[in-house]
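The structure appears below as structure tokens.
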Amino acid sequence: MLLAHDTERALAAAAGLVNTCRDGEDQLTTIDELEELVRTHQWSGPRTGDPAELVAVRELRPTLARFWSADKDTVVEIVNQVLRDRHALPQLVKHDEWDYHVHATAPDAPLADRMAVEAAMAMADVIRIDELGRLRVCGGDDCEDVYVDLSKNRSRRFCGAACGNRANVAAYRARRAEPATG
């Protein structure tokens, strides 16, 4: 799958945000946790670092999570609504180590607006190339994290190596526990 670097990064950031509240555990309850999320996903632009910003970012999660569960037409509705509500205005920008790429908010837009619009723009790319099936939920028995399968053969089943390893160990132990036939 050929996606621009900013699209891949925005999808990973959206998944990262969604995954802060999975399996009944909220991992985005403090401003320090928000700071770590912003650092991890290299969000640029101004920040307020206040409780209102934390609340606004947390409120994005249910909307973004629907990208991984809704049908194509519903995802299109969500994308269009986010772009309308956040007054998206696509433009080419260059910053930090990134060459030209698309931002669709003003440079001083609130963090939650930048996050929402970048996720929506990335989803627009995914929909346009008909690759919505690349958005998946982890196949691990005890994991509900979401991820984007960027493998060439669409074979990724787990959100990360830890879940894949747990599944492999469990399968191995199950095979070892089977009585020998013969």
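The values are calculated or read from the model by the stated rules, or taken from the named source; none is laboratory data. Keep in mind that this is a model prediction, so the values were computed, not measured. We place every Cβ from the backbone using ideal geometry, glycine too, and count neighbours over all the protein chains shown. Please note that ligands, DNA and RNA were not included when accessible areas were found on the heavy atoms of the full protein model with its side chains. Shrake-Rupley method; radii C 1.70, N 1.55, O 1.52, S 1.80 Å.
Quick one: which residue in 115, 121 is open to solvent by 30 Å² or more (accessible area, probe 1.4 Å), within 18 Å of residue 42 (Cβ to Cβ), touching a residue at least 60 places away in the same chain (Cβ under 8 Å) and of a type outside the set (Phe, Trp, Tyr)?
Details: 115 fails: open to solvent by 30 Å² or more (accessible area, probe 1.4 Å).
Exactly one of 115, 121 is open to solvent by 30 Å² or more (accessible area, probe 1.4 Å), within 18 Å of residue 42 (Cβ to Cβ), touching a residue at least 60 places away in the same chain (Cβ under 8 Å) and of a type outside the set (Phe, Trp, Tyr), namely 121.
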Of the numbered conditions (1) part of a loop (DSSP other than H, G, I, E, B); (2) open to solvent by 90 Å² or more (accessible area, probe 1.4 Å); (3) in contact (Cβ under 8 Å) with a residue 24 or more places away in the chain; (4) not aliphatic (A, V, I, L, M), residue 179 fails exactly one; give the number of that condition. (3)
Any hit, region 68-79, residues being over 17 Å from the mean Cα position of the chain (by Cα) and within 19 Å of residue 108 (Cα to Cα): no
Residue 36 fails exactly one of (1) open to solvent by 50 Å² or more (accessible area, probe 1.4 Å); (2) over 25 Å from residue 99 (Cα atoms), namely (2)
Just one of 77, 118 is touching a helix residue (DSSP H, G or I) at 6+ places or on another chain (Cβ under 8 Å), of a type in the set (Asp, Glu) and farther than 30 Å from residue 170 by Cα; which is it? 118
Can you find a residue in region 138-150 that is out of contact with any strand residue (DSSP E or B) (no Cβ under 6 Å at 6 or more places or on another chain), open to solvent by 70 Å² or more (accessible area, probe 1.4 Å) and more than 26 Å from residue 24 (Cα to Cα)? yes
Residue within region 160-176 that is part of a loop (DSSP other than H, G, I, E, B) and within 20 Å of residue 20 (Cα to Cα) present: yes
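Listed here are the residues, each with its yes/no results for (1) under 19 Å from residue 147 (Cβ atoms); (2) open to solvent by 50 Å² or more (accessible area, probe 1.4 Å); (3) touching an Asp or Glu at 6+ places or on another chain (Cβ under 8 Å).
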{"site": "23", "(1), (2), (3)": "yes, yes, yes"}
{"site": "48", "(1), (2), (3)": "no, yes, no"}
{"site": "51", "(1), (2), (3)": "no, yes, no"}
{"site": "54", "(1), (2), (3)": "no, no, no"}
{"site": "66", "(1), (2), (3)": "yes, yes, no"}
{"site": "73", "(1), (2), (3)": "no, yes, no"}
{"site": "93", "(1), (2), (3)": "no, no, no"}
{"site": "100", "(1), (2), (3)": "no, yes, no"}
